[in-house]
Amino acid sequence: MLKVAVGHSNDPNSDNAIAEIIQQCRKTLAGNVPKAGLLFAAIDFNYLLILQHIQAEYPNIELIGGTTDGEISSELGFQQDSLVLMLFCSDTIDIVAGVGHGLSDNVTAATQAAIAQAKAKTNLQPQLCITVFDVLTSRSSQTLEQLKQGLGQTFPIFGGCAADSWKFQQTHQFYQNESFSDGIVMLLFAGELQFSHGVASGWKPIGEQGRVTRTHERQVCEIDGKPALKFYDRYLGGLPPSGDYPLAVFEPQSDQFYLRAPWAHDPNTGSITILDEIPEQSIVQITLGKREEILSAAKESLENALAGFSGTPTAALFFSCAGRRRILGVQVEKEYQIAETSLSSSVTSCGFYSYAEISPIENGEAQIHNETFVTLLLGDLII
C-alpha cells in the first residue's frame with residue numbers, strides 16, 4: 001500500500017526548516033519508513049545541511065530534488081522561499097533513484113548513467129519516471145530525448161527543470177546527500193502503481209498556422225520561408241515576441257500542442273530565441289492567454305488527471321512554470337487554490353515552479369512544455 005507524507009516550512013533558517021519538516025513527516029508516517037523522497041527548495045537554503053538531516057533521519061532513502069522558483073504543498077499551499085519534502089512508503093512498489101553528472105559535457109552519458117543506476121536497484125517492471133535536471137547548462141529537449149531513448153519512446157516521464165528564482169545563473173539538483181549543478185536526477189516507480197496525469201496552459205491559438213522552415217539551436221529563424229519576426233508582426237502589430245504570446249507547437253497530424261515561450265528576438269535577422277528547440281517543419285501558431293483562463297488551466301489539468309484515475313489518489317504532484325508565476329504575479333497563489341477545489345482533502349500534494357515542465361500530451365510521448373500546469377496523480381493499483 002502506498003503511503004505519502006509531506007512536510008513544508010517557510011522558515012528561512014535551514015536548520016529550523018528541515019527540523020519542522022521532519023517533525024511533520026514523522027507525525028504522518030507514524031513509524032513507517034519511507035523508501036524515497038522528493039525535495040524542492042528555494043535558492044537560498046543550505047542544501048548540504050538539509051540533505052544531511054534527511055539522511056540522518058532516513059539513512060536508506062532514495063532521495064532526489066532540486067531548486068525552484070516557488071513551492072507548492074497541501075500543507076502550506078503556494079509559497080516563495082520555502083522548503084518542501086514529500087516521502088513515499090510502500091510494500092508493493094519499488095521507488096529507486098539514479099543520478100547523472102556533466103550534462104553539458106555528454107548528455108547521453110549522464111542521462112544513461114542515471115537510468116542504469118535506477119534500473120539496477122529493482123527487479124520489478126518500471127512504470128513511471130519523475131525527473132529533475134539542469135536546463136541552464138544543457139538543452140532540455142536533448143536531455144528528454146536521451147531519457148526516451150533509454151526508457152522507451154512512449155515511457156511516461158514527468159517532472160521539471162530546476163530553477164533559481166529567475167536569476168538564470170545556477171540551479172542545483174539533489175541526490176541522496178549530494179547537491180550539484182549540471183546534472184540529472186530521477187525516481188523510477190516500479191511495480192503495482194496506478195497513475196494518471198493532466199496538462200493544461202490556458203493559452204489559445206489565434207490567427208493562422210505556419211511551418212517552421214529554418215532553425216538554429218534555440219533560434220527560430222524562419223516561418224513559412226520568411227523571418228520568424230514577420231510571423232509575429234502579422235498578428236501582434238509590432239508587439240515584441242514574449243512569454244505573453246508563446247508559440248503552440250502541434251504534434252504531427254494532431255490538434256494537440258505544447259508551448260514554446262519566446263525569450264528574445266533580433267530585429268536585424270528577424271530570428272526569435274525561445275526557451276527550447278522547435279523541430280524544423282513543425283506547425284506552429286501564436287497563442288493568447290487571458291489571466292483568468294491561465295488560472296483556470298490548473299483546475300482543468302487536475303480534473304483531466306482525475307478523469308483518468310480509478311478511485312481516490314494517494315498523492316498529487318504539480319509541476320508549474322516560472323513563466324506562469326511571472327505573468328500571474330500576486331495572483332499566482334490562486335493557481336493551487338483553484339486546483340485544490342477539485343482535490344479530495346485526503347490527497348497529499350506537493351510541487352514546484354520550474355524552468356520547463358515535462359509530461360506526455362494525453363497518451364503520447366513526453367514533451368518539454370513552457371508556461372504549462374502539469375498534474376500527476378499516484379496511487380495503488382486497483383485490481
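The values are calculated or read from the model by the stated rules, or taken from the named source; none is laboratory data. Predicted, not measured: the structure shown is a model, and the values here were computed from it. Counting neighbours? That spans all protein chains shown, and the Cβs are built from the backbone with ideal geometry, glycine included.
Restricting the search to region 283-302, which residues are within 30 Å of Ile382 (Cβ to Cβ) and in contact with a strand residue (DSSP E or B) (Cβ under 7 Å, 6 or more places away or on another chain)?
Across region 283-302, the qualifying residues are Ala297, Ala298, Glu300, Ser301, Leu302.
Could you tell me how many of the residues in region 122-172 are basic (Lys, Arg) and in a loop (DSSP other than H, G, I, E, B)? Even if it seems obvious, please write down each step before you answer.
So in region 122-172, the residues basic (Lys, Arg) come out as 139, 148, 167.
So of that shortlist, the ones also in a loop (DSSP other than H, G, I, E, B) come out as 139, 167.
Of the residues in region 122-172, 2 are basic (Lys, Arg) and in a loop (DSSP other than H, G, I, E, B).
So Asp276 passes all but one of these: (1) at pLDDT below 95; (2) among the acidic types (Asp, Glu); (3) more than 30 Å from Phe189 (Cα to Cα). Which condition number does it fail?
With (1) at pLDDT below 95; (2) among the acidic types (Asp, Glu); (3) more than 30 Å from Phe189 (Cα to Cα) applied to Asp276, the lone miss is (3).
Regarding region 78-91, can at least one residue be identified that is in contact with a Gly (Cβ under 9 Å, 6 or more places away or on another chain), modelled with pLDDT of 95 or more, among the aliphatic types (A, V, I, L, M) and over 27 Å from Ala339 (Cα atoms)?
No, that holds for no residue.
Could you check how many residues of region 1-23 are part of a helix (DSSP H, G or I) and either without any contact (Cβ under 8 Å) to a residue 24 or more places away in the chain or surrounded by fewer than 19 Cβ atoms within 10 Å (Cβ to Cβ) (or both)? Full working, then the answer.
Our first condition is that a residue be part of a helix (DSSP H, G or I); within region 1-23, this holds for 14-23.
With either without any contact (Cβ under 8 Å) to a residue 24 or more places away in the chain or surrounded by fewer than 19 Cβ atoms within 10 Å (Cβ to Cβ) (or both) added as a condition, the list becomes 15-16, 19-20, 23.
Residues that pass the stated criteria total 5.
Answer yes or no as to whether Phe189 is modelled with pLDDT of 95 or more, farther than 22 Å from Ala110 by Cβ, assigned by TED's automatic domain parsing to the domain that holds Phe309 and assigned to a strand (DSSP E or B). Before you say what the answer is, go through the steps one by one.
Working: modelled with pLDDT of 95 or more: yes; farther than 22 Å from Ala110 by Cβ: no; assigned by TED's automatic domain parsing to the domain that holds Phe309: yes; assigned to a strand (DSSP E or B): yes.
In short, no.
Got a sec? Which of Leu259, Leu302 is under 17 Å from Ala322 (Cα atoms) and modelled with pLDDT of 95 or more? Steps first, answer last, please.
On the way: Leu302 fails: under 17 Å from Ala322 (Cα atoms).
On inspection, the qualifying residue turns out to be Leu259.
Considering only residues that are within 14 Å of Pro205 (Cβ to Cβ) and either touching a His at 6+ places or on another chain (Cβ under 9 Å) or surrounded by fewer than 21 Cβ atoms within 10 Å (Cβ to Cβ) (or both), which ones fall in region 237-258? I'd like the intermediate steps shown before the answer.
Our first condition is that a residue be within 14 Å of Pro205 (Cβ to Cβ); within region 237-258, this holds for 245-251, 254-258.
If the condition is that a residue be within 14 Å of Pro205 (Cβ to Cβ) and either touching a His at 6+ places or on another chain (Cβ under 9 Å) or surrounded by fewer than 21 Cβ atoms within 10 Å (Cβ to Cβ) (or both), then Tyr245, Phe250, Glu251, Ser254, Asp255, Gln256, Tyr258 are the ones that fit.
Inspect region 345-362 for any residue being charged (D, E, K, R), assigned to a helix (DSSP H, G or I) and either surrounded by fewer than 24 Cβ atoms within 10 Å (Cβ to Cβ) or modelled with pLDDT of 95 or more (or both) and give the result as yes or no. Full working, then the answer.
Kept after step one, since they are charged (D, E, K, R), are these residues of region 345-362: 357, 362.
Subset that is assigned to a helix (DSSP H, G or I): none.
No, because not a single residue in region 345-362 is charged (D, E, K, R), assigned to a helix (DSSP H, G or I) and either surrounded by fewer than 24 Cβ atoms within 10 Å (Cβ to Cβ) or modelled with pLDDT of 95 or more (or both).
Looking at region 282-298, is at least one residue within 30 Å of Val4 (Cβ to Cβ) and not aliphatic (A, V, I, L, M)?
Here is the first cut: in region 282-298, the residues within 30 Å of Val4 (Cβ to Cβ) are 294-298.
After this cut, where a residue has to be not aliphatic (A, V, I, L, M) as well, the list is 296.
The answer is yes; a qualifying residue exists.
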